[in-house]
Amino acid sequence: MAAIDWGSVPTWFSAIGTTGSLIATVTIVLRDRRKDEREDAACFAVWTDPEEVIDYRPALRLHNAAGRPVFDVTAHFYAYWVDFGSNERGTNLVERQLAAVVRAGAEMTLSADYAGYEGVLYVTFRDAHQVSWRYDMHSKTLTREPESRLGKFRAEARRWARRRRARIVGAWRRRRSDGGEPAPEEAS
């Protein structure tokens, strides 16, 4: 019976150690990236101020303490409706955009002209990295919104158009700085 040659044991331990350290490094980098993304989002605050009343309702306040702007701030709430002809009643989940952009360090006071008994249920917004967030007004929790396929496609299309435009403008500027005629647009 011949002995099985397992190779060099130190080489095996070295390979296992290298693989383990690589996995640990990738895990730490991803964790730190998520922490950095959440840090900006956590600096954005939304609350109702019962002491400040606008139109007989508590004011809705937005404050961005982050170093970067916040985009597409939208309130989500239930609107109650009554059909007086048939005496039917119901509720609809309604979205209302509060602000297109809240600049870094800005604070806004808005009229809380939302309909509904519960008030604002949650507020959604996008941070400077285009990550969507949801702030639940009742439980006071911040969660990351899952991105839809359509949203991912739109973001990728915008990035592609920006890169394309930058390439065309760069070529045009290089051609102009060389003293030659203006550069024609690149073919798609």
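The values are calculated or read from the model by the stated rules, or taken from the named source; none is laboratory data. The structure displayed is predicted, hence computed values, not measured ones. In this analysis, Cβ positions are derived from the backbone assuming ideal geometry, glycine residues included, and neighbour counts consider all displayed protein chains. Surface accessibility is based on the protein's heavy atoms, side chains included, excluding ligands, DNA and RNA. Shrake-Rupley method; radii C 1.70, N 1.55, O 1.52, S 1.80 Å.
The set of residues from segment 75-87 being assigned to a strand (DSSP E or B), loosely packed, with under 15 Cβ neighbours inside 10 Å and either at pLDDT 85 or above or small (Gly, Ala, Ser) (or both) comprises just one member, 79. Look at segment 127-138: where a residue is at pLDDT 80 or above and open to solvent by 40 Å² or more (accessible area, probe 1.4 Å) and a partner is of a type in the set (S, T, N, Q) and not in a loop (DSSP other than H, G, I, E, B), sitting 6+ places away or on another chain with Cβ atoms under 6 Å, you get 134/124; 134/143. Whether a residue is modelled with pLDDT of 75 or more, hydrophobic (A, V, I, L, M, F, W, C) and closer than 20 Å to residue 37 by Cα was assessed, and residue 93 does not pass this test.
Of the residues examined, residue 109 is not one that is among the hydroxyl-bearing types (Ser, Thr, Tyr), part of a strand (DSSP E or B), in contact with a Phe, Trp or Tyr (Cβ under 7 Å, 6 or more places away or on another chain) and surrounded by fewer than 16 Cβ atoms within 10 Å (Cβ to Cβ). If the condition is being open to solvent by less than 80 Å² (accessible area, probe 1.4 Å) and free of Cβ contacts under 8 Å to residues at least 60 places away in the same chain, then segment 31-48 contributes 32, 43, 45.
Does segment 49-60 include one or more residues that are modelled with pLDDT under 75, basic (Lys, Arg), closer than 25 Å to residue 134 by Cβ and surrounded by 10 or more Cβ atoms within 10 Å (Cβ to Cβ)? Yes, segment 49-60 contains at least one residue that is modelled with pLDDT under 75, basic (Lys, Arg), closer than 25 Å to residue 134 by Cβ and surrounded by 10 or more Cβ atoms within 10 Å (Cβ to Cβ). Of the residues making up segment 154-166, those that are surrounded by 11 or more Cβ atoms within 10 Å (Cβ to Cβ) and either at pLDDT below 85 or β-branched (Val, Ile, Thr) (or both) number 4.
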